[in-house]
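Asks: Could you have a look at this structure, given as structure tokens, before my questions?
Each reported figure results from applying straightforward, stated rules to the coordinates on display, with no laboratory input. What you see is a predicted model, and the numbers here were worked out from it, not measured in a lab. Cβ placement follows ideal geometry from the backbone for every residue including glycine, while neighbour counts extend to all protein chains displayed.
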Amino acid sequence: MLAIGPHPGDLELFAGGTLRLLSQNGSAVTLAVLSRGEQATNRANIGEIRAREAEQAATILRAELVQLDLPDGGIRPGPELERALDELWARTRPELVLAFDPKGPTPLAQNPDHLALGAAVLARARSSVWRGERIYFYAARQPNVLVDITEVLQEKLNAVKAHRSQLLGPDWAVDSFGRFVSRLYSGRVPALYTEAFYRLV
Ligand SMILES: [Zn+2]
């Protein structure tokens with residue numbers, strides 16, 4: 001499984017439960033983070049701090065972390081992004097690929113870097129540069145796959161909280177936000193936590 005996120009923390013929030021379920025069931029999961037999230041604050045060494053946090057989150061999710069250095073806020077369609085994706089592809093030879101929904105993700109996730117990643121992955125899938133893989137988009141507005149992550153909700157929340165430098169509230173508030181995001185598609189079923197994906201067909 002190759003899971004690609006533009007910034008540290010994206011994958012944890014939208015797909016962390018699914019990634020942990022896959023890895024604990026024996027899949028080799030690679031978490032590829034395209035940028036270091038250095039625009040998040042003007043602390044001098046924020047890129048380093050966030051890369052370290054991403055490492056901790058990957059450990060919680062039992063995934064390998066590949067940290068790339070594309071410009072935070074400047075990820076756009078083009079050769080640099082395509083080269084990065086093809087290198088990740090060659091390195092992991094994935095059976096499944098996870099990326100941001102290109103069509104207009106949930107309002108929680110509107111960001112040009114997110115859209116650029118989704119569009120580039122979609123183009124690769126459509127052009128059959130990537131063959132044989134299955135593509136799933138996270139933060140999808142109209143998902144066609146729901147994953148029950150109830151049993152690993154705590155690990156997901158811990159992975160989200162590994163991104164300490166980005167947390168604006170106390171732990172309980174972050175937990176509550178993570179639960180909220182993981183209930184968006186759970187309907188009225190109590191105590192069911194899910195992650196929603198659009199599987200490319
Ligand atoms: Zn992001």
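Asks: Using the Cα centre of the chain as the reference point, and only Cβ charges (+1 on K/R, -1 on D/E), how large is the resulting charge dipole? Debye, rounded to the nearest 20.
Replies: 440
Asks: What is the set of long-range amide H partners of Arg199 at a cut-off below 5 Å, with H atoms built 1.01 Å from backbone N?
Replies: Those lying under 5 Å, H to H, from Arg199 are Phe137, Asn144, Val145.
Asks: If you rank Glu155, Glu12 by fewest surrounding Cβ atoms within 10 Å, what's the result?
Replies: Listed from fewest to most nearby Cβ atoms, that is Glu155, Glu12.
Asks: Let a ≥ b ≥ c be the square roots of the eigenvalues of the Cα gyration tensor of region 60-153; is it rounded (a/c under 1.5), or, if not, prolate (a/b larger than b/c) or oblate?
Replies: It is rounded, given that a/c, with a ≥ b ≥ c, falls under 1.5.
Asks: Moving to a separate point now. Quick one: what are the phi-derived ³J(HN,Hα) couplings along region 82-94, Karplus 6.51/-1.76/1.60 with θ = phi - 60°, whole Hz, x for glycine and proline?
Replies: Taking θ as phi minus 60°, the curve returns 4, 5, 4, 5, 5, 5, 4, 4, 5, 6, 10, 6, x Hz for region 82-94.
Asks: By how many nm would the segment from Arg131 to Glu151 lengthen if fully extended, with 0.36 nm per residue of separation less the alpha-carbon distance?
Replies: Gain on stretching Arg131 to Glu151: 4.0 nm.
Asks: Restricting the count to DSSP beta bridges whose residues both fall in the chain, what percent are antiparallel, rounded to a multiple of 5?
Replies: 30
Asks: Ratio to report: Rg/Rh of the chain, with Cα atoms as the point set and Rh obtained by the Kirkwood method; give two decimals.
Replies: 0.94
Asks: Could you give the nm distance between label points at Ala191 and Ala123, where each point is 7 Å from its Cα heading toward the beta carbon?
Replies: Computed distance between label sites Ala191 and Ala123 equals 4.8 nm.
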